[in-house]
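This report refers to the structure that appears directly beneath it.
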Amino acid sequence: MLCNSPMIGQQQDTAASKQQRALDSLAARVAALQTRLDSIASAAPAGAAAPAQTAPVRASGAYMNVGFDALTVGGWSSLRDVRPILLGDHDPKVRGFTIPNTELTLDGAVDPYFKGFSNIVFKLDENGETGVELEEAYVLTTSLPANLQFKIGQFFTEFGRQNSQHPHAWAFVDQPVVLSRMFGPDGLRSQGVRLSWLVPTPFYTEAMVTVANSTNGTTFSFRSGESSGIHGGVPVERSVAGFRDLLIVPRVSSSFDLTETQTLLVGASGALGPNNSGPDAQTRIFGVDGYWKWKSATAAAGFPFLSFQAEAMTRQYEADARPAVADPTVVLPVQTIADRGAYGQILWGIRPRIVAGLRADVANGDDAPFATPFRGERVRLSPNFTWYPTEFSKFRLQYNYDNRKGFGSDHSLWAQFEFILGAHAAHRF
């Protein structure tokens, strides 16, 4: 049973990924054998010898981990309507109290060849109305040769570090400004397939590529209706005529043990696909990310530790000539709209179950006629403090200073509480 504490379950795909996949396959085969034996024993009369052959039974799937995670946030902001400064779908919604994310997680071995995962999210909007979404539902292969693995279904794409993380794994109450700017409220996720390869290098290196649908509310910078806020023009209808109309997300990452107490992980990602400002318009997003962690050689329960994480992204959004949403009599010119941004966060594990953090965000975008004013220059500074009573609960207090060019400064204070029931998947390193 793993959970959200930073000192519990912080392994993901490290240098042991290859061995872990082999262990997963072996465990699935053992489970299949046990299921077969149980079926034989239950079907046979008391004292009777087991038959030489039995009908095939399901190889695995006899167990399933079930977990439930809930986040509650309460707070206040100098801005009466907080939505312009908290753009993430799982960020606080109102001054007062909100439940931005609860999720039911299911996972288990399907058979000797696949593991299945599902995340069903329940949330309350600013009006207290309940929303439900199937956030992720996918299978992972467990026994492919040559260090290969497929992921198939709906999932968060592996772009950078935080995009693929669920809100309970975030180190801060809200998602970074640049992720909201590039990927919209929900992050970048879609239906598709991802192929990953553990490269046979002396250090851990993984290369992967995702091919997915490019249209829905979670592909914000591509064929999403919400993307009209980027270019300010009336969107066009685009169908999938070929490979060029799909979303392609390549990524490569490597990690190094600098010393016995320090580890460094670096990565580079891209997201390439069509947008709906014109029949041939494309969007290109590129990013680099890094993560460094020091943990004392005499650490107790993972403390003390110090970590630093940063991501930088840039987007080129091709926009065709099209009528403006604000005034259809105005035809916007052909242009490439550029946006960029970054964040950096540092976490200090002071002592067991107590963590102090500081995050700095910056984002900016080129001027474009009729484009949303929220693409302007923006800076946010967020110190916070987190206490984990146990590995199944946490309290977090966070202050935000927001400065938006043309809008001024705002101050917010948020308190977050989380609890976990049942099992939960390990969080990424």
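Taken together, the values in this text are just the output of simple stated rules run on the coordinates, not laboratory data. If you're wondering where the values come from, they're calculated on a predicted model, not measured in any experiment. Glycine also receives a Cβ, built like all others from the backbone with ideal geometry; neighbour counts cover every protein chain displayed.
Summary of values
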quantity: At R0 = 45 Å, FRET efficiency that the Cβ-Cβ distance of Leu381 and Gln316 yields, to 0.05; calculated: 0.95
quantity: Dipole magnitude of segment 202-319 about its Cα centre (Cβ charges: Lys, Arg +1; Asp, Glu -1), debye to nearest 20; calculated: 40
quantity: Ranked Ile248, Ile230, criterion: other C-beta atoms within 10 Å, fewest first; calculated: Ile248, Ile230
quantity: Exposure proxy ranking, count of Cβ atoms within 10 Å, fewest first, for Leu397, Leu258, Leu265; calculated: Leu258, Leu397, Leu265
quantity: Proportion of all alpha-carbon pairs of segment 70-169 beyond 24 Å (%); calculated: 37
quantity: Distance histogram for segment 132-249 (every C-alpha pair counted, 5 angstrom bins, percent rounded to whole numbers); calculated: 2, 10, 18, 20, 19, 15, 9, 5, 2, 1, 0
quantity: Segment 383-427 - charge dipole about Cα centre, Lys and Arg +1 at Cβ, Asp and Glu -1, debye rounded to 20; calculated: 140
quantity: Packing-based exposure ordering (other Cβ within 10 Å, fewest first) of Ile350, Ile337; calculated: Ile350, Ile337
quantity: Unit charges at the beta carbon, dipole of segment 218-337: most positive-side option, Leu265, Leu246, Gln316; calculated: Leu265
quantity: 19 Å cut-off, amide nitrogen to a point 7 angstrom out along Phe150 Cα→Cβ, residues in segment 211-232; calculated: 211-213
quantity: Along each principal axis, Cα extent of segment 173-236, largest first, Å; calculated: 50, 30, 18
quantity: Theoretical FRET efficiency, 1/(1+(r/R0)^6), r = Cβ-Cβ of Val288 and Thr329, R0 35 Å, to 0.05; calculated: 0.25
